[in-house]
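Notes to accompany the following structure.
Throughout, read-outs are computed from the coordinates displayed, never taken from laboratory work. Here the structure is a predicted model, which means the values were calculated and not measured. Ideal geometry is used to build each Cβ from the backbone, glycine not excepted, and the neighbour counts take in all protein chains shown.
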Amino acid sequence: MSEKQINGGLKTALELGPILAFFVAYLWLKDRVFTIAGNEYDGFIVVTAGFIPVFLVSIGILWALTGHLSRMQVLTAILITVFGGLSVWFNDPKFFKMKPTIIYLLFGGILGAGLLQGRSYLQSLMDTVLPLTREGWIILTRRLMLFFFGLALLNEIVWRTQSEETWVYFKTFGLTAAIFIFFITQSKLFEAYKSEPKE
């Protein structure tokens with residue numbers, strides 16, 4: 001099924017809205033403790049429990065409107081549900097904090113597996129967005145693979161050595177900005193390996 005086009009602002013709101021909602025809710029509830037069924041849960045766990053259904057509803061609406069979800073979106077939804085659920089079930093935030101590490105390791109590993117076969121899985125996802133030669137796709141895929149591994153390592157360092165609030169800021173803004181900056185810094189590659197449009 002081909003993807004239906006929807007308003008860009010709505011698409012962005014559905015993709016980023018749950019993340020921003022998580023951030024705002026965390027700032028509001030971070031210092032509170034809730035007693036539920038005789039167990040005490042701090043604000044981070046409660047916000048995590050709320051984030052899971054909000055994210056799933058948002059991605060469900062996106063699928064309903066466009067008729068399409070990327071494999072990355074589906075994988076992200078699964079990992080958020082699993083690791084967020086584990087954090088809530090065991091009342092332990094470390095599972096949710098490890099989620100970006102697992103995601104970036106998986107993304108980097110998938111790209112690496114393609115490279116070992118002489119293929120760029122990235123090209124199959126973004127070919128219509130970035131017109132690059134095959135060599136350009138291989139170079140970009142290699143760089144993005146290393147970048148994802150770097151983000152996985154950085155996330156581990158931040159959540160294990162910094163405060164919870166620092167990690168939330170890093171997760172909400174730092175990781176998003178890092179990906180944006182990565183693609184901006186690849187502008188010379190995009191120009192050098194730009195492919196000619198097909199007739």
Inside the range 79-101, can you point out the residues that are under 26 Å from residue 39 (Cβ atoms) and β-branched (Val, Ile, Thr)?
80, 81, 82, 88
Can you say whether residue 119 is over 20 Å from the mean Cα position of the chain (by Cα) and within 28 Å of residue 169 (Cα to Cα), as far as the supplied structure shows?
no
Evaluate the following for residue 69: is it in a loop (DSSP other than H, G, I, E, B) and more than 21 Å from residue 162 (Cα to Cα)?
yes
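Determine, yes or no, whether residue 132 is surrounded by 14 or more Cβ atoms within 10 Å (Cβ to Cβ) and touching a strand residue (DSSP E or B) at 6+ places or on another chain (Cβ under 9 Å). Break it down stepwise before answering.
Working: surrounded by 14 or more Cβ atoms within 10 Å (Cβ to Cβ): yes; touching a strand residue (DSSP E or B) at 6+ places or on another chain (Cβ under 9 Å): yes.
When the stated conditions are applied, residue 132 passes them.
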Does any residue of the range 141-148 turn out to be assigned to a helix (DSSP H, G or I), touching a Pro at 6+ places or on another chain (Cβ under 8 Å) and in contact (Cβ under 8 Å) with a residue 12 or more places away in the chain?
no
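Taking the residues in the range 180-199 that are assigned to a helix (DSSP H, G or I) and touching a residue at least 24 places away in the same chain (Cβ under 8 Å) as candidates, determine which candidate is farthest from residue 47 (Cα to Cα). Give the steps one after another, and end with the answer.
If we filter the range 180-199 for residues that are assigned to a helix (DSSP H, G or I), which is where we start, we get 180-184, 187-192.
Next cut, touching a residue at least 24 places away in the same chain (Cβ under 8 Å) only: 182, 189-190, 192.
Working: 182: 30, 189: 41, 190: 40, 192: 45 Å.
So, considering only residues that are assigned to a helix (DSSP H, G or I) and touching a residue at least 24 places away in the same chain (Cβ under 8 Å), the one farthest from residue 47 (Cα to Cα) is 192.
Please verify whether residue 169 is aromatic (Phe, Trp, Tyr) and touching an Asp or Glu at 6+ places or on another chain (Cβ under 8 Å), treating the condition exactly as stated.
So residue 169 fails the test.
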From the set of residues in the range 9-57 that are surrounded by 12 or more Cβ atoms within 10 Å (Cβ to Cβ) and among the aromatic types (Phe, Trp, Tyr), which is farthest from the chain's Cα centre (by Cα)?
34
